[in-house]
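First the structure, in the form of structure tokens, and then the observations on it.
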Amino acid sequence: MNIGEEQGRFRQRAHTRALLVKTASELIRNGEIPTVTAVAEAAQVSRRTAYRYFPSQEQLLAEAAIESARPLVSNTAFPEDLMARIRLLVATVQQFVYGNQGALRTIVRLTADHVPGDNVDGAEDFTPVRTNRAEWIRTALAPARKQLGGGLFERLVSALSLCVGIESVMVLTNLRGLSQKEATRVSAWAAETLVAGALEQAEQRLRSGGAKARSNHRSSNVS
């Protein structure tokens with residue numbers, strides 16, 4: 001399979017999952033507690049496909065329960081200052097997490113035993129690839145994209161993914177015993193430290209490149 005075909009399949013899987021979650025959310029808002037079968041029928045998706053994405057009603061309802069809360073982060077108006085954007089990102093995402101801990105912990109519990117890519121008989125991996133968090137982080141980091149460059153920018157997105165979300169809350173509250181307020185402060189500190197380090201790395205790279213260019217220029221003049 002070439003890269004284009006793989007990306008197309010990824011987009012199709014993401015679209016189907018989003019459709020099922022959206023449909024379940026709509027049914028819940030109408031006062032129903034839908035089964036996976038009911039959601040599949042309403043979304044006009046085969047039951048077999050729906051159960052591949054959501055093996056249990058519990059998992060589907062958990063994801064649907066937090067769907068309506070996503071605009072809390074998606075509609076955030078970020079300031080211009082980069083570090084202020086990072087602090088706001090952490091505060092907003094963690095507020096979202098603390099407000100939806102039950103559903104988010106259920107999702108972690110239901111998917112924790114599955115190793116992505118570890119499928120029997122080459123079956124397709126239907127474990128969800130969560131893109132919302134990464135997109136929120138990219139939005140907050142947008143002013144630094146050009147300075148960091150593509151590779152370092154994406155590495156920083158990955159690193160910041162460790163600082164926000166339900167996993168960071170579980171580590172800081174369950175393992176470290178921190179309060180919600182202190183845990184959010186630690187997450188913000190870690191995020192700002194990572195951003196500052198990445199910016200310094202980008203600056204060092206720029207200085208190194210400038211020094212190399214000057215050295216090459218002097219060598220060409222001598223020759």
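Annotations for the structure displayed:
- Residue within the stretch 5-13 that is surrounded by 15 or more Cβ atoms within 10 Å (Cβ to Cβ) and within 28 Å of R145 (Cβ to Cβ) present: yes
- Meeting the requirement of 1 or more residues that are aromatic (F, W, Y) and at pLDDT 90 or above, the helices (runs of 4 or more DSSP H) wholly within the stretch 1-107 are 47-53, 82-99.
- Per-region count, the stretch 77-91, residues free of Cβ contacts under 8 Å to residues at least 24 places away in the same chain and not charged (D, E, K, R): 3
- Scope the stretch 35-76; condition surrounded by fewer than 18 Cβ atoms within 10 Å (Cβ to Cβ), small (G, A, S) and touching a residue at least 40 places away in the same chain (Cβ under 8 Å); matching residues: S56, S68, S74
- Members of the stretch 108-123 found to be of a type outside the set (S, T, Y), assigned to a helix (DSSP H, G or I) and modelled with pLDDT under 75, listed by number: L110, V120, D121, G122
- The sole residue among E32, E26, E67, E41 that is within 18 Å of the chain's Cα centre (by Cα) and among the charged types (D, E, K, R) is E67.
- Yes/no for E32 being over 27 Å from E167 (Cα atoms), touching a residue at least 60 places away in the same chain (Cβ under 8 Å) and out of contact with any Gly (no Cβ under 7 Å at 6 or more places or on another chain): no
- The residues in the stretch 7-50 that are at positive phi and not small (G, A, S) can be counted, and the count is 1.
- For the stretch 200-208, the count of residues that are within 21 Å of the chain's Cα centre (by Cα), assigned by TED's automatic domain parsing to the domain that holds I86 and surrounded by fewer than 17 Cβ atoms within 10 Å (Cβ to Cβ) is zero.
The values are calculated or read from the model by the stated rules, or taken from the named source; none is laboratory data. Keep in mind that what you see is a predicted model, and the values were worked out from it rather than measured. Please note: Cβ atoms are built from the backbone with ideal geometry, for glycine as well, and neighbour counts cover all protein chains shown.
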